[in-house]
Every structure is written in structure tokens, then in C-alpha cells.
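Peer 1: Before I ask anything, let me first share the structure, which is written out below as C-alpha cells.
The values are calculated or read from the model by the stated rules, or taken from the named source; none is laboratory data. The shown structure was predicted, so the numbers you read here are calculated from the model rather than taken from an experiment. Please note: Cβ atoms are built from the backbone with ideal geometry, for glycine as well, and neighbour counts cover all protein chains shown.
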Amino acid sequence: MLLKTMSASARACAAGMFGLALAMNCAHATPYLVVDAASGHTLIENQATLPWYPASLTKLMTTYVALDAVRQGRLTMDTPLTMSMRAARSAPSKMGFEPGTLVTLDNALKMLMVKSPNDIAVMVAEGVSGSVEAFADEMNATAAKLGMTQSHFVNPNGLHDPEHVSSARDMALVARALLEEFPEHVDLFSIGALQLDGIVIANHNGLLGHYAGADGMKTGFTCSSGFNVVASATRDGRKLIAVVLGAPTVHMRTLETAQLLERGFNQTDAGPQLAELPRAQETKPRDMRPDICSRRSAAAIEAAEEEVFAPPKAVPAPVAANGRGRGQQAPTPAETIASAEELLTRANPHFDPVPVFVGAKPGWSGPVLAAKPTPAAPPAAASAYSADKPAEAQSAPLALQGAVKPPEPPKKVAAKPPEPKHYRVAARPRPKAAKPAKSKNDD
């Protein structure tokens, strides 16, 4: 069934992956990368600097910018953010909250990593920077700081835009930065499920609970990008990060990532640092739409990221142990490692759902952040940015406490003398004229 949704070239690649090896020669092999999280040395890579549409992997950068703003004291994890009309109108996948709904940054980031809602991404951007455009500027400045030379961001959610690009290497860079700089928040990336008002929301990452040691991070999908993932796994104190871009299905994305991670854990020699990988000659990403969505219905496309991964009963797909991967010759039996059925457990994992809620945290008396008004729009009410009781805003960060201003007392206005009343005699009604009949040519 999976192969029916692909083009001829994609079906040939997928058949090779399932039947012979992931290393079987595929004319349209897409980027992938495995890197040692601690050292930054690449272990396996293929076209890692090729420009690509990142889709919802973008939300890793969104999370980094938001956590960096917390580190700077611009807001806290408990700061409530406001769902704007613009955010509420985002394309799916989304939470679907009404405009004006409040969500704390902590709950917003948890939703972002598990459900991947586009409306929450916009809400975070507007709360942190005041607008999507200002947040995109912060994303690009951060990308430059991290050395992400193939990336340019125009939105916080990864919805398709021809100018919104990244690469496997750049996604590995931001993943490493998140793990290194914000160790207190690493649990954001390993949540198996959320619970909101009694509803359980499962993570899209099929490696969690299926691949030994898997502990994060983020998936992504658009028709133009294919199925992407940034995945992390830890064994014996060693953490690896794998990036797979442009897989034809959720199933293939999970299978290939598991085998890449396995190859990485079985490899001792290290390659170049991420920063040393040569830049690809191509300047524009491939558009995967013909291969990924040409035969999917609109409903299937919208629901693509909601597919539930089910490990196969038996998928003999050995991978070359030499780290060459797709695009090289098929390995000999002596070079192969565990097959997919050995790497991925078939049992459905159980996750204790992490509770999230809508609204401000009980007892919060600090600012409530929202999108800043544009020059053409009337100014927002002061309550959108400050607390009703600013004197009690002790839980707000220092950078924001100064913005909490007490309400100004109402100005006294001198009473005006009553204006003289004027009276007018109503005119007598005139007799109504006969209404003309409506012709057949009238609208």
C-alpha cells in the first residue's frame, strides 16, 4: 500500500530499501546524517549540506530562540502567551484554540514538540518577539551565531515557503545546541504523549518506545520536504543525533533512522566536524511534491503527520557498516548489521501522558505576552501586556517587571453646562406613491 503513493523512482528506491538494502543505489537519494552529540564529529553522512525544506523541524529552532529568550530574562517558562487571530488562522496541524486563549510558554513548547501545532508556533513567536517577522529575524540571527550556513527562516512553524530552507547539517547543529545549552529542558524532546482535558495526544516520533535508547527529538512533513526527522538516542553514556530528510513515508523514515543510529553506535572511527563538511553545489532544495503527494488525497496529505508508526513483522533491510549508506553498492552479508525487525520492537509502548493545561498558571501575577500591534492597527488593551495587580508581579523576570506599570488615575474633567434644547415641529407625512410592479428583468 505504501508503494502505491510514490512515483516510479521513489518506488524503486523504496523497493531496494525493503528488499535488498538501504545502501542500494537510488538515483534520488535524499540527505541524512549521524553525528556524535558530545564531540560534533560526523559518523555517517550523505548530502548533509544539500539545501532542503525543513518542515516542522523548524520548531527546533523556534524552541531554541524561545529558550534563549528565557535565558536572557525576557520571559519565563510560566509566562502566559496569547493566541492571536493570525495564529488561530494557521494551517493544520494545530491545536485549534480560540483567539484570546492563554497558554504558558512551558505548555506551548510541550505541545510544539509532541503535537507540532502551527498555531502554537506562531503564538510563541508573537509572544517572544512581538510578531512572526521579528521572530524570523531572531531565528536567522541565531542561525548565523550557530554556524547554520545553509539555513534561512521566514516563519516559526516550517509551513512551506520557497525561501524557508535548511539542511541536515544545520538541523544537527541546532539539535546539538539545544542539548548542550539547555540540559534542564531536554525532557521536552522525549515526551511520548500529552494529556489535555482528558485527551491523550501521542508523539509523531515512531522511534520513541520502539528503538532502544531513543530519547528525542522532532519530526516534520510537508509535500515539498517529504518526511523528515531529527532523532537522538543514548547508549552506555554515548548520545548520537541522526537527521533523515525526504523519506517517502512515516514508516520508511523510522526504519531508516533506526538503522542509521545502529550503524553509528557500531562505528568507532569519527569523520569531520559538522562545521567542516563541504558545502553542496546546489543552491535550491529539491521539491519532493511529485514523489510524496502526487497521488495522495487532500485529506491524506493533511493527516500525513498523524500516521501511527507500526513496526513491521519482518523487514530484511541490512545496511552497510562502512558508513557509506544510500547511493553506494549493496553490502555483502559480512558487512551487514541488524535488520529492522531486530532493531524495532513490535510491542506498542506505554507512555505516562504529561499533563498540559490552557490558561495562566495559578497564582501568576506577571505579564501576559501577546503580538504587538502594527502601526495600522489600534493599540491593544494594556491588560494584554501587563497584570491587573503590578505590585504583586514578583514572579515576572527582572527584565519584564519594569514593563508592569500601575494604572494611571482617571483624569478629572470639568463639568460642562447643559446645552439648550432645540425643538422642531415634525412635518406631516406625505401620502405614499404607488410602488411600481417589478419586471422580469430586475435582479
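Peer 1: Output the residue which, of all residues in the range 341-355 that are in contact (Cβ under 8 Å) with a residue 40 or more places away in the chain and surrounded by 15 or more Cβ atoms within 10 Å (Cβ to Cβ), is farthest from Leu196 (Cα to Cα).
Peer 2: Leu343
Peer 1: Shifting gears a bit: Hey, can you tell me all the residues within the range 62-86 that are hydrophobic (A, V, I, L, M, F, W, C) and touching a Leu at 6+ places or on another chain (Cβ under 9 Å)? Please lay out each step first, then the result.
Peer 2: First, pick out the residues of the range 62-86 that are hydrophobic (A, V, I, L, M, F, W, C): 65-67, 69-70, 75, 77, 81, 83, 85.
Selection gives Ala66, Leu67, Ala69, Val70, Leu75, Met77, Leu81, Met83.
A quick yes/no check of all residues on (1) part of a loop (DSSP other than H, G, I, E, B); (2) over 30 Å from Val200 (Cβ atoms); (3) over 12 Å from the mean Cα position of the chain (by Cα); (4) acidic (Asp, Glu):
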| position | (1), (2), (3), (4) |
| --- | --- |
| Leu112 | no, no, no, no |
| Ser116 | yes, no, no, no |
| Asp119 | no, no, no, yes |
| Met123 | no, no, yes, no |
| Ala143 | no, yes, yes, no |
| Met148 | yes, yes, yes, no |
| Val154 | yes, yes, yes, no |
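Peer 1: In the range 25-43, what residues are touching an Asp or Glu at 6+ places or on another chain (Cβ under 9 Å), assigned to a loop (DSSP other than H, G, I, E, B) and either crowded, with 24+ Cβ neighbours inside 10 Å or modelled with pLDDT under 95 (or both)?
Peer 2: Hits for the range 25-43 are His28, Pro31.
Peer 1: Now for a different question. For the range 25-75, name all the residues that are among the β-branched types (Val, Ile, Thr) and more than 18 Å from Cys223 (Cα to Cα).
Peer 2: Residues satisfying the conditions are Val34, Val35, Thr42, Ile44, Thr49, Thr62, Thr63, Val65, Val70.
Peer 1: In the range 189-212, which residues are surrounded by fewer than 21 Cβ atoms within 10 Å (Cβ to Cβ) and either assigned to a helix (DSSP H, G or I) or of a type in the set (Asp, Glu) (or both)?
Peer 2: Ser190, Asp197
Peer 1: I'd like to know if the range 44-56 contains one or more residues that are part of a helix (DSSP H, G or I), touching a Phe, Trp or Tyr at 6+ places or on another chain (Cβ under 9 Å), closer than 30 Å to Phe351 by Cα and among the polar types (S, T, N, Q).
Peer 2: Checking the range 44-56: at least one residue is part of a helix (DSSP H, G or I), touching a Phe, Trp or Tyr at 6+ places or on another chain (Cβ under 9 Å), closer than 30 Å to Phe351 by Cα and among the polar types (S, T, N, Q).
Peer 1: Let me ask something additional. If we scan the range 115-124, do we find a residue that is surrounded by fewer than 18 Cβ atoms within 10 Å (Cβ to Cβ) and among the hydrophobic types (A, V, I, L, M, F, W, C)?
Peer 2: no
Peer 1: Let me ask you something else. Would you check if Lys94 is free of Cβ contacts under 8 Å to residues at least 60 places away in the same chain, of a type in the set (Lys, Arg) and over 24 Å from Thr222 (Cα atoms)?
Peer 2: Details: free of Cβ contacts under 8 Å to residues at least 60 places away in the same chain: yes; of a type in the set (Lys, Arg): yes; over 24 Å from Thr222 (Cα atoms): no.
No; evaluated as a whole, the condition is false for this residue.
Peer 1: Same structure, new question: Of the numbered conditions (1) buried (at least 24 other Cβ atoms within 10 Å of the Cβ); (2) over 30 Å from Asp161 (Cβ atoms), Val229 satisfies every one except a single condition; which is it?
Peer 2: (2) is the only condition that Val229 fails.
Peer 1: Just to be sure, is Glu133 closer than 30 Å to Ala360 by Cβ and in a helix (DSSP H, G or I)?
Peer 2: yes
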